[in-house]
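The structure appears right after this line, and notes come after that.
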Amino acid sequence: MATIELENVKVTRIIEGYGFEVQETRLVKGEEYKSWFTIWNKEVKPQVGDVVTVSGLYSLKVDEYEGKTRYQISVNNAEVMLSDGADAPF
C-alpha cells in the first residue's frame, strides 16, 4: 500500500470518534487549488484550525453521480504532529 505525507495542512472538520479532515492548498501556474483529506485516527484530538503534519497509508475511493466524479482521499493509520513539532495526541 502507498504512503502519503501531508505537511502543514489545516484541520477543517472533526469526525467525532473516528478522525478529522484537513485541507491542503497548492498554487499551480498562478491558480490556487484546494484538496481535502480524511484522516482516520481515533486517538488524536486536534481542534479545527490547527495546522498539522500527517503521514500514513493512502487510500482513494471514486464516486460517480449525476455525471460528476468525486474522489475521496483518506489517510489510514495516520501519525500526526502539530506544525510546531509537538507529537499528537494532544
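Among the residues making up region 1-31, those that are exposed (fewer than 14 other Cβ atoms within 10 Å of the Cβ) and in a strand (DSSP E or B) are T3, E5, E7, N8, R13, I15, T25, R26, L27, V28, E31. Pairs are defined by a Cβ separation below 8 Å, a sequence spacing of at least 6 or placement on different chains, a first member in region 33-48 that is in contact (Cβ under 8 Å) with a residue 24 or more places away in the chain and small (G, A, S), and a second member that is part of a strand (DSSP E or B) and surrounded by 14 or more Cβ atoms within 10 Å (Cβ to Cβ); the pairs so defined are S35/Q23; S35/E24; S35/I73.
Of the numbered criteria (1) surrounded by 13 or more Cβ atoms within 10 Å (Cβ to Cβ); (2) farther than 14 Å from V9 by Cα; (3) at pLDDT 90 or above, the one V44 fails is (3).
For beta carbons closer than 8 Å, sequence separation of 6+ or different chains, a first residue in region 55-69 that is at pLDDT 90 or above and a second that is among the hydroxyl-bearing types (S, T, Y) and exposed (fewer than 10 other Cβ atoms within 10 Å of the Cβ), the qualifying pairs are V62/T69; D63/T69. Of all residues in region 33-64, those being assigned to a strand (DSSP E or B), aliphatic (A, V, I, L, M) and over 16 Å from E79 (Cβ atoms) number 2.
The values are calculated or read from the model by the stated rules, or taken from the named source; none is laboratory data. Here the structure is a predicted model, which is why all the values come from computation and not from measurement. Positions of Cβ are backbone-derived with ideal geometry, glycine not excepted, and every protein chain shown enters the neighbour counts.
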